[in-house]
1. Using 0.36 nm per residue, how much length does the chain from Glu90 to Thr2 gain when fully extended, once their Cα-Cα distance is taken away?
2. Could I have the simple spin-label model distance between Leu234 and Arg346, label points 7 Å from Cα toward Cβ, reported in nm to one decimal?
3. Compute from the Cα atoms of the stretch 199-349 the Rg and the Dmax, the latter being the longest Cα-Cα distance, and quote both in angstrom.
4. Using a 1.4 angstrom probe, figure out how much accessible area the stretch 16-55 has per residue, in square angstrom, rounded to the nearest whole.
5. Tell me, in nm to one decimal, what length is gained between Asn210 and Ala71 on full extension, where the rule is 0.36 nm per residue of separation less the Cα-Cα distance?
6. Full-extension gain between Ala115 and Arg168, please, as 0.36 nm times their residue separation minus the C-alpha to C-alpha distance.
7. In Å², and per residue, what accessible area does the stretch 86-140 have when probed at 1.4 Å with the other protein chains present?
8. Round to a whole number: what % of the accessible area of the chain belongs to carbon and sulfur, probe 1.4 Å?
Amino acid sequence: MTDTITLRRPDDWHVHFRDDAMLRAVLPCTARRFARAVVMPNLVPPVSDVAAARAYRERIVAALPPELPGAAEFTPLMTCYLTDTTDPAEVARGHAEGVFTAVKLYPAHATTHSAHGVTDIDRVMPVLEHMAGLGMPLLVHGEVTDPDVDVFDREAVFIGRVLDPLRRRLPDLRIVLEHVTTEEAVAYVSGGGPNLAATITAHHLVINRNAIFAGGIRPHLYCLPIAKREKHRLALRRAATSGNPAFFLGTDSAPHAVPTKETACGCAGIFSAPAALEIYAEVFEEEAALDRFEAFASLNGPKFYRLPVNERRVTLRREAWTAPQSVGEGDLAVQPFRAGETLRWRLAS
Ligand SMILES: [Zn+2]
């Protein structure tokens, strides 16, 4: 039995940092573990032009505690929030200037702060055509928002109704289907060829939908896409640990202050950053796939994004530790995923 795991420093290909005090509280959890992070643009207002993304990137870098191990190398990769009125020239300029790594597509009203999202793919086709020419990835929140579609079916319906037609229209567009949660998504991405990939969160590898209702309603386990049946969780575990380069790490760590979760209408989002890498390691060990952990965490993502792999290494040791109960202060405190639970892999200092 191995007691250490050493791998190239991983990247988180999907994370929410928020802004201001929340940013300062949560950023170290990610920067301590990951070399790069694809930063979601769903601030209020959304990060939808080059100037806003550049300014947000500067606020992130300024929020890094200089004494934090890894802080000096941490690189936020910025995304452009796609709206019905996004100008293709603005996206191209952000790409050329090294500000935009990718563009994020939220169907309007799909999740937290997505009110400015896309109402109809037809309206953004000029942007998407331009991105296909540039080889610039489109990051997709893959859920339909039609209230007639059951919340547990929205991802699978999105694939047939939106994603597959889009890929037929624009086969050269490079797409990441973010935070996949279903066996349908796994099957679609597995057979999707080189221009299609998917991120998988730590929490969707650990919980199924029963966890949300275990002994009472568990608001800290509510996220979108919502966790699905057990058969879907097992499909995600097979995909993540398969070695298929189309699947890579993206935590979708999404902090919400406790009062906005523990309320009559709580926000969607699971904050996994304080232990995400360690939880993924548990999953890979349980699946007897630690030999494929580095590919998922550190190699497949850069390959799809056409970025160099990280040269530095991180080490996890088999050492029991307790995940933090809380991150952040006062009104902004956030309860992390698996708060207070014992984890068996620990990041070496
Ligand atoms: Zn997200």
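1. Full extension from Glu90 to Thr2 adds 26.7 nm.
2. The answer from the label model is 3.4 nm.
3. Spelled out, the Cα radius of gyration and Dmax of the stretch 199-349 are 15.8, 47 Å.
4. On the way: 1190 Å² over 40 residues.
Per residue, the stretch 16-55 has an accessible area of 30 Å².
5. Here the answer is 46.3 nm.
6. Length gained between Ala115 and Arg168: 16.4 nm.
7. That works out to 38 Å² for each residue.
8. On the way: 7020 of 13820 Å².
The computed percentage sits at 51.
The values are calculated or read from the model by the stated rules, or taken from the named source; none is laboratory data. Remember, predicted model here, so these are calculated numbers, not experimental data. Cβ coordinates were reconstructed from backbone atoms using ideal geometry, including for glycine residues, and neighbour counts include every protein chain displayed. Remember, those area values only see protein heavy atoms, side chains included, never the ligands or the DNA or RNA. Shrake-Rupley method; radii C 1.70, N 1.55, O 1.52, S 1.80 Å.
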